[in-house]
Structure formats: C-alpha cells, structure tokens
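Worksheet: the structure to be examined is printed underneath.
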Amino acid sequence: MTATDPTAHLTAEQIEELGRELDAIRDEVIAGRGEKDAAYIRKVISAQRKLELVSRGVLLFSIFPPAWLIGTAGLSVAKIMDNMEIGHNILHGQWDWMRDPKIHSTTWDWDHVSPADQWKHSHNELHHTYTNVIGKDNDLGYGIMRVDEDQRWHPFHLGQPLWNFINACFFEYGIAAYDLELGKNLHKRRRKNPEFRARAGAVGRKIRKQVLKDYVIHPLLSGPSFLTTLAATFTANLVRNVWTHSVIMCGHFPEGVQVFERRSIKGETRGQWYLRQMMGSANISGSKAMHFMTGNLSHQIEHHLFPDLPSNRYAEVAVKVRALFEKYELEYVTGPLPKQVYSAWHKVFRLSLPNKKPKVTTPDREQALVAA
C-alpha cells in the first residue's frame, strides 16, 4: 500500500472480524433475493429494448434536426443501460440465481465489441481478484498510464492525459484490446499462438457484428437519412464510451484510493481481501437516476465487496458498509460526480509528470512498479 498505510491501526483480529461482518451482510442479501429482484431486472431489460427500438425508429427521420436530437439522446441512454445496469451486472452472474436462460452470465451477449467470455475472464476473474494490485490488476491504468508516485517516470508518461482521453472516446475498443492482452501479445512469436489467434478471431467477429449493425444496417434502413443516422449512431457510441469510462475512472482512480504491492497479498485472508476492496475503490454520490445510469457502479465499494449481488441492492448495502468504515475508522472515499471526475483526471495529469521530490522505494516495490 502506498504512502502511510490507512489500515495500520487495525489488528489482525479486527480485520478478520470485519470480514465476518461483511460476510453477514452478503448472506442476508442472498437469503432475501426473490421475485421483487427478478421483476426489477426484467423491467429494466424491457425498458431498454423499447427505448432502443423507439430511438432507432425516430432516427429513420434523422434528416430532420429534432428527430436527430431525440433519437440520438434516446439511443445514447439505451446503450448506456445495456452496458452498465444490464450487461455488466448480468455477466457478473448477479442474476444467475433466477435460473433464467435468457438472463444468465453464460448466455448473455451485449452491445459491446468485447466478447462476453473474454471480458468475464479479464474483469471478473483477474480485476476483481487482484483489485489495485500493481502488476496483477491491468485495470489499474490499463497498462498505458503511471498510477502511483513510486512508479518510475518515463517521458512517455507525459502523454498519458492524451492516451486517457482517446481511451475514453473509444473505450469499448480499448476494453477489447485489454481483454485480448494485446500489449503483451504483439510480439511476432506470441501472435502465432493458436490460443491468441482464436481469441483475436472472436474479437474480430464481434467488431464486425457491431459495426455491421450500427454503421451499415440501421443507416441503410434510414434511406435518405443514411448519413444523419450514421452520425447519430457514432455520437451515441461516443457518449456511451465517455460516460462508461468516466464512471470506471471515478470508481478506481480518484485521490484517496489505495494501490497495493504484489507481496502484500501473499497469504491474504478473507478479511484482508475485503479490506483491500474497501481501500481500493471509491463511490459517487447522487440521485437514484444517477445511480441507475452508472449501473449502480456509483456504489463501486459495495460492488467490489460483493460483485455477484444484484445491483439494485447496492444502495441498501451501502448504508451498512459505510457504518463499518466508521466503526473501523477507515476513509469512505466518495463525492459527487463532478468532484470525482476532477479528482481522477487531476491524478492522471499529476502522475504524468515526474515527482517533485524523489521517492524511496524498496527493491521489491520498485520491481513491481516497473513491471506494471
């Protein structure tokens, strides 16, 4: 953990007791899942599909400016709903307990260029297991940004605000490249690996499917509105990408969120894993509508503690989790969306520059940071 350890005042016994208390919260929600929760996700899926259908229908007349504005706004919201509150959470297995083959993590496909199975591996299995562990969690800066003061600075890092902006605009493609582990597989020998070639082929097919749907079929159906529908779809994807990127940044990168060394998780207990999720995440405060549009990832702390609980339960869970933060004298990092976005981007800019004062690191930490 960087700088002064904000958990140093906790004893091993307290950490394990914290883990038991969090287990109890999780067990209570699992025991209480039922028809009300199932009705919620079915209602959201139905509303999203209707909104997308109506919006695409309006865009058939997008040659007229009012129709373009209404259709683009509706399609943007529909795409955000599909990715955030529906796709992300279903692929986490949050609704598998319903045993509905139409709403299950093994069968769901989403409006995204990253194949669901590859995303589940990189996100569910790697990111959520190794949250904010430098050199293990590639979500931490996506391999293109300096994420900690102790990480060695290179002139390349001067460009990280630009890399981050480009990544925001084309976020779904960045995620697909990240899921494919493209960076480490660019070497000629690795590109010939059959497993990599198979995964790259799956990504290529998914991209073709998405491009064909968004930029060929629907614009062609618009006839004389072809170009305006094309522009509307591109705009909706851009809005969805920037929004999603902003929410993810706010949950993982604001000032006050901790990062961890690889050696710190050796022999990690259940309580220590919970504690790392608490200190390695941040929330966004706001209205119910804002929480819904973030896929309830505005409750990022609670999501990292309980990634497989239904997202509609995070608000009630957050009250109990925050009480535990206060009980154990830990900082609950949260704030309004503008504040959290500013904090995350401020950190991106700050770490793009060399440290004002040299940092002292252990050889083990230096090696981990360089490897990241």
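The values are calculated or read from the model by the stated rules, or taken from the named source; none is laboratory data. Keep in mind the model is a prediction, meaning the values are calculated, not measured. Because the Cβ atoms are built from the backbone with ideal geometry, glycine has one as well, and the counts that use them run over all protein chains shown. We work out accessible area using only protein heavy atoms, side chains counted, and drop any ligands, DNA or RNA first. Shrake-Rupley method; radii C 1.70, N 1.55, O 1.52, S 1.80 Å.
Figures for the structure shown
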quantity: Portion, in percent, of the accessible area of the chain that falls on carbon or sulfur, probe 1.4 Å; calculated: 63 percent
quantity: Angle between the chain longest axis and helix 314-327 axis [Cα atoms, degrees, rounded to 10]; calculated: 20 degrees
quantity: Surface per residue (accessible, 1.4 Å probe) for the chain, Å²; calculated: 48 Å²
quantity: 0 to 90° range, to nearest 10: angle between helix 65-81 axis and the chain longest Cα axis; calculated: 40 degrees
quantity: Kirkwood Rh, Cα atoms: Rg over Rh of the chain; calculated: 0.97
quantity: Over the range 209-297, relative contact order from alpha-carbon pairs under 8 Å, at least 6 apart, %; calculated: 27 percent
quantity: Spin-label model distance (nm) - L53 vs R350, 7 Å beyond Cα toward Cβ; calculated: 4.9 nm
quantity: Listed residues Q340, P6, H157: farthest to the positive end of the dipole of the chain (Cβ charges); calculated: H157
quantity: Farthest toward positive dipole pole in the range 156-313 [+1 Lys/Arg, -1 Asp/Glu at C-beta], among Q300, A198, L227; calculated: A198
quantity: Computed E for K36/F196 - FRET, C-beta separation, R0 45 angstrom, nearest 0.05; calculated: 0.55
quantity: Structure-based [θ]222 nm, the chain - -39500 (n - 2.57) summed over DSSP H runs of at least 4, per residue, nearest 500; calculated: -17000 deg cm²/dmol
quantity: Gain on full stretching of the segment that runs from H128 to I166 - 0.36 nm per residue minus C-alpha separation; calculated: 11.2 nm
quantity: Nearest-ten-degree value, helix 226-252 long axis tilted from longest Cα axis of the chain; calculated: 10 degrees
quantity: Length gained when the stretch L221-K209 is fully extended (0.36 nm per residue, less Cα-Cα span); calculated: 2.7 nm
quantity: Virtual spin-label span in nm between W97 and L69, 7 Å along Cα→Cβ; calculated: 4.5 nm
quantity: Selection from S46, L182, G267, by position along the positive dipole direction of the chain (Cβ); calculated: L182
quantity: Hz values of 3J(HN,Hα) by residue in the range 204-215 - Karplus curve (6.51, -1.76, 1.60), Gly and Pro given as x; calculated: x, 5, 5, 5, 4, 4, 5, 5, 4, 5, 7, 10
quantity: Part-to-part distance (alpha-carbon centres) for the range 1-43 and the range 58-102, which is given in Å; calculated: 29 Å
quantity: With DNA, RNA and ligands ignored, accessible area of V247 (1.4 Å probe; Å², nearest 10); calculated: 0 Å²
quantity: Taking the chain and dividing mean pair separation by its residue count, relative contact order in percent (alpha carbons under 8 Å, at least six apart); calculated: 27 percent
quantity: Only Lys, Arg (+1) and Asp, Glu (-1) charged, at Cβ; the range 262-311 dipole about Cα centre in debye; calculated: 280 debye
quantity: Cα→Cβ-extended label distance, 7 Å offset, between A24 and T235, nm; calculated: 5.3 nm
